[in-house]
Amino acid sequence: MLHEFLSSHREAIIARTRAKLTDRPWPLVSTSELEYGVPLFLTQLSETLRLETTDTPFASSAIMTAAVKHGGELRALGFNISQVVHDYGDICQAVTAVAVEEHVDITTDEFHVLNRCLDAAIAGAVTEHSRITAESRSTGEIERSGQLAHEIRDLLNTAFLAFHTLKRGTVAINGSTGTVLGRSLMNLRDLVDNTLSDIRMSANIARQERVPVSVFLDEIALAANLHAEFRNLRFDMNQIDARVCVNADPQLLASAVMNLLNNAFKFTPARGHVSLRARIEDDRVLIEVEDECGGIPDTKADPFEAFTDRRKHDRSGLGLGLSIARKAVRRSGGDINFRNMPGTGCVFVIDMPLATDTPAPMATA
């Protein structure tokens, strides 16, 4: 009978399932998937088959309960829904394969029990996996939404107070209060731009088009000059051959460049210098932003990860700028890296493939 076969060939079935795991296209996380899931399921399946011939059948709720626990364990190990389903599907295939090799006949009724147990196990594991995933996502989204609302409120309050001070007519618009108002409004605009870019990428909304780099950077420079003026910084930009183009989503690419510039302006002391330049290297277009922030402290934190420590003492912002910038550039087939110059500053580099039908011009200063 099948339950006797499962008991006597238990190790062979587990080994066959293990072999199927190694053939999967995704990397394994841990052999715990086998230790906690397969042996327990085989025990319960064997017991179910045995008790089906008695007056007290094995409760399907026991399989469901164990599968729920297994689904939670797999979620904690980093397995996705597809891997959870395959985890149980591999057991069924291993049982069938070993039975064929051992010339063991599986009756129709036994197959029905086997399928019923698999259905219960998959349903329990997938349901728990999905529940934990949804709960985790909801918690993260709520936390992030709260931080975003807090940041917007602070910027609006600052702008509102500066506006009322200017409205009384006791200070000049071109003084420090006007500067505070301008900075608050620009930071608010940048925060909204970042949020919109993040939403577009999350929704997989992107449009690829041919972007002339020279025209694109000229438009960026208009806003950058205003930022530099408000922060009492010097800003300059080099010119690149007008024929140089990249294929990108212009809104996402603009968001990435402005994020790099905003970081440069934020961390460069007053009367410092920020540069924006573009050049061609082989078949790549390099857009560079250089600042005088003094360099990034020696730390293991990835500056492109969201919510990492900011440079120096400035704790404003949600820490999303560089993270969003990198995701935006990667959507267009490029990447961002940086060179740290301790005691001087940093150079952040957007590396994009040159549009394939672009001539090979030289960048000019």
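Do the conditions hold for VAL285, that is, is it in contact with a strand residue (DSSP E or B) (Cβ under 8 Å, 6 or more places away or on another chain) and under 14 Å from ALA328 (Cβ atoms)?
Values: in contact with a strand residue (DSSP E or B) (Cβ under 8 Å, 6 or more places away or on another chain): yes; under 14 Å from ALA328 (Cβ atoms): no.
Answer is no for this residue.
Checking THR170 against (1) at pLDDT below 75; (2) within 24 Å of ALA328 (Cβ to Cβ), which test does it fail?
Among (1) at pLDDT below 75; (2) within 24 Å of ALA328 (Cβ to Cβ), THR170 violates only (2).
List the pairs whose first member sits in the stretch 255-266 and is buried (at least 24 other Cβ atoms within 10 Å of the Cβ), whose second member is among the hydroxyl-bearing types (Ser, Thr, Tyr), and whose Cβ atoms are under 6 Å apart, counting only residues at least 6 apart or on separate chains?
From residues that are buried (at least 24 other Cβ atoms within 10 Å of the Cβ), the pairs are SER255/SER197.
Go through ALA256, ALA242 for me and flag whichever is closer than 25 Å to PRO303 by Cα and either assigned to a helix (DSSP H, G or I) or out of contact with any Cys (no Cβ under 6 Å at 6 or more places or on another chain) (or both).
Working: ALA242 fails: closer than 25 Å to PRO303 by Cα.
From the options ALA256, ALA242, the qualifying one is ALA256.
Run down ASN247, ASN225 and say which single residue is more than 13 Å from CYS346 (Cβ to Cβ) and part of a helix (DSSP H, G or I). Walk me through how you get there before you give the answer.
Values: ASN247 fails: part of a helix (DSSP H, G or I).
Answer to the selection: ASN225.
Restricting the stretch 187-213 to residues that are open to solvent by 20 Å² or more (accessible area, probe 1.4 Å) and at pLDDT 85 or above, which is nearest to ALA355 (Cα to Cα)?
Ranking the qualifying residues of the stretch 187-213, first place goes to ARG210.
Within the stretch 85-106, work out how many residues are over 39 Å from the mean Cα position of the chain (by Cα), open to solvent by 50 Å² or more (accessible area, probe 1.4 Å) and aliphatic (A, V, I, L, M).
So the count comes out to 1.
I'm told GLY295 meets every condition in (1) at pLDDT 80 or above; (2) under 18 Å from VAL211 (Cβ atoms); (3) over 19 Å from the mean Cα position of the chain (by Cα) except one. Can you identify the failing condition by its number?
It fails just one condition, (2).
The values are calculated or read from the model by the stated rules, or taken from the named source; none is laboratory data. This structure is a prediction, so every number in the text was calculated from the model and none was measured. Ideal geometry is used to build each Cβ from the backbone, glycine not excepted, and the neighbour counts take in all protein chains shown. Surface accessibility is based on the protein's heavy atoms, side chains included, excluding ligands, DNA and RNA. Shrake-Rupley method; radii C 1.70, N 1.55, O 1.52, S 1.80 Å.
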